[in-house]
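Peer 1: The structure that follows is given in the form of structure tokens.
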Amino acid sequence: MNGESITDAALKAQAQTVAEFLLSRGQTMVTAESCTGGWIAKVLTDIAGSSQWFECGVVAYSYEAKEALLGVSPQTLERTGAVSQETAVEMVSGALARFGASVAVAVTGVAGPSGGTPDKPVGTVWIGWKRRGGYARAELFHFDGDREAVRRRTVAAALDGVRRILTS
């Protein structure tokens with residue numbers, strides 16, 4: 001996904017595909033977002049009738065919010081930071097456990113333009129996915145571009161991962 005332009009229409013199409021899979025299976029979804037600030041939930045709830053399959057979205061930027069709303073361990077945040085595989089896994093697991101959906105996605109990353117480090121430069125994003133009764137998995141992405149581009153690419157990758165786990 002690096003380097004390509006992701007349009008609003010493309011995001012809408014991805015969200016529609018996810019919606020159709022969830023609706024056809026009688027399943028529901030929840031999002032746990034940091035760097036995207038609720039953009040995944042917005043794209044999903046732009047679809048009329050989304051209340052049939054969308055439970056809720058949590059935007060948890062601070063460590064305190066990640067702990068209180070999603071059950072991320074303070075030790076994990078202290079040891080690995082907010083932008084890590086461990087945090088993404090705990091975010092997605094916590095969202096699924098707390099809100100009773102069938103599937104969850106979580107994103108945490110450095111959207112920029114500041115906040116990057118040599119180990120976690122701007123564009124570093126972890127995305128986690130989990131199905132009820134399954135194992136959480138998280139994948140590391142490095143997206144190019146400005147804040148808008150990093151966030152847009154994160155939303156697209158998150159939705160693509162949801163589609164993949166719904167069809168596997």
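Peer 1: May I ask you to say which residue of Arg25, Arg98 is surrounded by fewer than 18 Cβ atoms within 10 Å (Cβ to Cβ) and within 16 Å of Gly128 (Cβ to Cβ)?
Peer 2: Answer to the check: Arg98.
Peer 1: Among the listed residues Val110, Val162, identify the single one that is among the aliphatic types (A, V, I, L, M), at pLDDT 95 or above and farther than 20 Å from Lys12 by Cβ.
Peer 2: Residue meeting the stated conditions: Val110.
Peer 1: Those residues that are within 14 Å of Ala88 (Cβ to Cβ), crowded, with 20+ Cβ neighbours inside 10 Å and not polar (S, T, N, Q), I need them from region 101-135; list them, please.
Peer 2: Once the filter is applied, which keeps residues that are within 14 Å of Ala88 (Cβ to Cβ), crowded, with 20+ Cβ neighbours inside 10 Å and not polar (S, T, N, Q), region 101-135 yields Ala104, Val105, Ala106, Val107, Gly109, Val110, Val125, Trp126, Ile127, Gly128, Trp129, Lys130.
Peer 1: Could you grab the pairs with beta carbons closer than 7 Å, sequence gap of 6+ or different chains, first residue in region 70-82 and touching a residue at least 40 places away in the same chain (Cβ under 8 Å), second one part of a helix (DSSP H, G or I)?
Peer 2: So the pair list comes out as Ala82/Tyr63; Ala82/Lys66.
Peer 1: Okay, next question. Among the residues of region 124-134, is any in a helix (DSSP H, G or I), among the basic types (Lys, Arg), over 28 Å from Ser5 (Cα atoms) and under 15 Å from the mean Cα position of the chain (by Cα)?
Peer 2: No, region 124-134 has no match at all.
Peer 1: Which one of these does Asp144 not meet: (1) surrounded by fewer than 23 Cβ atoms within 10 Å (Cβ to Cβ); (2) under 20 Å from Gln14 (Cα atoms); (3) touching a Gly at 6+ places or on another chain (Cβ under 7 Å)?
Peer 2: (2)
Peer 1: Please go through region 9-41 and pick out each residue that is charged (D, E, K, R) and touching a residue at least 12 places away in the same chain (Cβ under 8 Å).
Peer 2: Those that are charged (D, E, K, R) and touching a residue at least 12 places away in the same chain (Cβ under 8 Å): Lys12, Arg25, Glu33.
Peer 1: With respect to Gly100, determine if the residue is under 23 Å from Ser24 (Cα atoms) and modelled with pLDDT under 95.
Peer 2: Criteria met by Gly100.
Peer 1: Still on this model: When you go through Arg79, Arg132 one by one, which is the residue that is within 26 Å of Gly26 (Cβ to Cβ) and touching a helix residue (DSSP H, G or I) at 6+ places or on another chain (Cβ under 8 Å)?
Peer 2: Arg132
Peer 1: Answer yes or no as to whether Ala65 is crowded, with 22+ Cβ neighbours inside 10 Å, of a type outside the set (Ser, Thr, Tyr) and under 16 Å from the mean Cα position of the chain (by Cα).
Peer 2: Criteria not met by Ala65.
Peer 1: Right, next: Test Gly49 against the criterion of being on the phi > 0 side of the Ramachandran plot and in contact with a Gly (Cβ under 7 Å, 6 or more places away or on another chain), and give yes or no.
Peer 2: no
Peer 1: Same structure again: For region 135-149, indicate whether the set of residues that are under 22 Å from Val43 (Cα atoms), in a helix (DSSP H, G or I), of a type in the set (Asp, Glu) and in contact (Cβ under 8 Å) with a residue 40 or more places away in the chain is non-empty.
Peer 2: Checked region 135-149: no residue is under 22 Å from Val43 (Cα atoms), in a helix (DSSP H, G or I), of a type in the set (Asp, Glu) and in contact (Cβ under 8 Å) with a residue 40 or more places away in the chain.
Peer 1: I'm trying to understand the selection: among the residues of region 89-123, which are among the β-branched types (Val, Ile, Thr) and over 15 Å from the mean Cα position of the chain (by Cα)?
Peer 2: Residues satisfying the conditions are Thr117, Val122.
The values are calculated or read from the model by the stated rules, or taken from the named source; none is laboratory data. Since the model is a prediction, treat every value here as computed from it, not as a measurement. Cβ: placed from backbone, ideal geometry, glycine included. Neighbour counts: every protein chain shown.
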